[in-house]
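The values are calculated or read from the model by the stated rules, or taken from the named source; none is laboratory data. A quick note: this is a predicted structure, and the numbers were derived from the prediction, not measured. Glycine gets a Cβ as well: all are built from the backbone with ideal geometry, and neighbour counts include every protein chain shown. For accessibility, only protein heavy atoms count, side chains too; no ligands or nucleic acids. Shrake-Rupley method; radii C 1.70, N 1.55, O 1.52, S 1.80 Å.
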Amino acid sequence: MNKVFKVGLIGCGHISETYFRAQEYFNNIRIVKCADINMETAKKCAIHYNIEAVTVEELFKDKEIEIILNLTIPGAHFEVSKMALENGKHSYAEKPMAVNFEDGKKLVELAKEKNLYIGNAPDTFLGGGIQKTRELIDNGVIGDIKLGNAIFAFPGVQSYHPNPEPWFAENEGGPVIDMGPYYLTALVNLIGPAKQVQGRCTKVFEEREIGIGPKKGQRFKVETPTTYLATIQFENDCIIQITLSFDVVAHQRNHIELYGNKGSIIVPDPNMFGGSAFVSVTAGGNWGEHKTDMMPLGKINIKSQSSRANESPTNANYRGAGLSEMAHAIEHNLEHRCNGELSLHVLDIIDSTMRASQTGIPQEIKTTCKKPKPFTLEEIKKIMN
């Protein structure tokens with residue numbers, strides 16, 4: 001029987017519902033208190049989920065709380081995680097761990113100093129889709145990978161999020177900070193750490209219009225580039241071209257394709273947990289499907305549309321797996337997969353990609369990390385209900 005860790009949630013906004021649902025799937029985490037900079041928002045959350053609402057300061061000081069779940073806006077991630085660690089609590093945050101590399105580095109150093117765990121989303125690479133892809137790659141099905149491409153491109157969050165301004169703000173906005181963590185974490189998990197990046201960026205629209213909520217119809221200024229085109233070279237000399245954009249109405253490209261000297265693989269959506277991997281080892285392009293819908297973290301669990309735009313029917317969404325896996329690692333003194341070293345390396349790639357694209361000067365990646373170990377069926381079964 002696993003220990004059940006008492007979790008205090010800070011940031012009761014759009015994503016919190018997904019983490020509350022994680023308690024249905026994982027047996028070692030329980031959100032018992034919540035806080036928000038807006039106390040009324042915290043109270044509504046507490047009533048809905050039958051827990052206690054407290055102030056942010058009270059949650060940091062609460063001796064009952066063992067892990068702080070940081071679901072604040074990206075610009076607040078650093079300060080909230082820092083306060084959690086300084087108050088002797090393990091920290092798990094939504095992506096990215098911070099909006100700039102130096103702050104992320106401080107968090108990793110503080111966690112080591114305090115002998116505490118720091119974890120960060122995305123945890124989608126723990127899901128069936130990326131794990132099945134990793135298995136196929138590790139088994140040498142497509143051979144040595146030296147090339148690939150990746151794309152995330154859609155019109156932006158303003159159509160479905162009631163407060164979209166942070167996604168377009170100067171210091172915390174843009175698609176690299178928002179969606180880069182999913183794609184870059186998946187690539188590091190599949191290929192290994194990166195060493196250099198170059199790129200270009202642009203901004204298509206000067207203003208956006210809010211499409212939902214009390215501010216519907218209001219327009220706001222776009223302060224950051226909204227499309228990035230980058231080339232990343234990894235330590236194994238694999239070269240990946242990646243597009244990250246808030247300016248594309250529709251496209252028909254695959255999320256990630258990797259090309260080895262024996263064949264090619266289509267990687268499922270790194271923003272989700274399930275999906276099939278497709279492999280071709282013939283020049284004619286006959287693609288064999290490798291399904292994940294029978295895997296514990298690949299089974300479809302979203303049966304109807306929720307308020308989350310990424311939760312349309314037929315999706316597998318087990319966000320919270322990384323929090324649960326970290327809790328298990330804390331109990332058994334293990335290294336967790338969504339760890340600070342990995343998150344800092346991904347943040348380094350993010351920071352370097354944005355700098356390279358905005359300046360036109362190639363950037364060397366300053367950090368490295370270990371590829372996370374495959375998430376085995378035996379390990380998954382230990383933390384799932």
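Some values worked out for this structure:
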{"item": "Given (1) touching a Gly at 6+ places or on another chain (Cβ under 9 Å); (2) under 12 Å from Thr353 (Cβ atoms); (3) aliphatic (A, V, I, L, M), index of the condition Ala194 fails", "result": "(1)"}
{"item": "In region 1-17, residue most open to solvent (accessible area, probe 1.4 Å) [restricted to those that are assigned to a loop (DSSP other than H, G, I, E, B) and among the hydrophobic types (A, V, I, L, M, F, W, C)]", "result": "Met1"}
{"item": "Residue list for region 78-103, filter: touching a residue at least 60 places away in the same chain (Cβ under 8 Å) and within 15 Å of the chain's Cα centre (by Cα)", "result": "Tyr92, Glu94, Lys95, Pro96, Met97, Ala98, Val99"}
{"item": "Among residues of region 332-344, those that are open to solvent by less than 70 Å² (accessible area, probe 1.4 Å) and either acidic (Asp, Glu) or not in a helix (DSSP H, G or I) (or both), counted", "result": "4"}
{"item": "Residue match in region 42-62 (condition: over 13 Å from Gly8 (Cα atoms), in contact with a Pro (Cβ under 6 Å, 6 or more places away or on another chain) and among the hydrophobic types (A, V, I, L, M, F, W, C))", "result": "no"}
{"item": "Complete set of residues in region 368-385 that are under 30 Å from Pro296 (Cα atoms) and outside any helix (DSSP H, G or I)", "result": "Cys369, Lys370, Lys371, Pro372, Lys373, Pro374, Phe375, Thr376, Met384, Asn385"}
{"item": "Extreme residue, nearest to Val197 (Cα to Cα), among residues of region 345-367 that are open to solvent by less than 70 Å² (accessible area, probe 1.4 Å) and in a loop (DSSP other than H, G, I, E, B)", "result": "Pro362"}
{"item": "Subset tally (residues that are modelled with pLDDT of 95 or more, among the aliphatic types (A, V, I, L, M) and under 19 Å from Ser16 (Cα atoms)) for region 280-324", "result": "2"}
{"item": "Residue list for region 106-137, filter: within 18 Å of the chain's Cα centre (by Cα) and closer than 16 Å to His345 by Cα", "result": "Leu107, Val108, Ile118, Gly119, Asn120, Ala121, Pro122, Asp123, Phe125"}
{"item": "The one condition in (1) open to solvent by 70 Å² or more (accessible area, probe 1.4 Å); (2) within 21 Å of the chain's Cα centre (by Cα) that Gln218 fails to fulfil", "result": "(2)"}
{"item": "Residues (of a type outside the set (D, E, K, R), assigned to a loop (DSSP other than H, G, I, E, B) and either closer than 30 Å to Tyr25 by Cβ or open to solvent by 40 Å² or more (accessible area, probe 1.4 Å) (or both)) located in region 228-239", "result": "Asn236"}
{"item": "Some residue of region 377-384 being open to solvent by 40 Å² or more (accessible area, probe 1.4 Å), acidic (Asp, Glu) and under 22 Å from Leu323 (Cα atoms)", "result": "yes"}
{"item": "Residues being polar (S, T, N, Q) and either over 22 Å from Ile232 (Cβ atoms) or more than 23 Å from the chain's Cα centre (by Cα) (or both) - total across region 243-294", "result": "8"}
{"item": "From Gly275, Gly213, residue being farther than 26 Å from Glu364 by Cα and in contact with a Ser or Thr (Cβ under 8 Å, 6 or more places away or on another chain)", "result": "Gly275"}
{"item": "Single residue of region 33-76 satisfying the filter (assigned to a loop (DSSP other than H, G, I, E, B) and of a type in the set (S, T, N, Q)) that is surrounded by the most Cβ atoms within 10 Å (Cβ to Cβ)", "result": "Thr72"}
{"item": "Positions within region 25-51 being closer than 21 Å to Ala329 by Cβ and of a type outside the set (Val, Ile, Thr), in sequence order", "result": "Tyr25, Phe26, Asn27, Asn28, Arg30"}
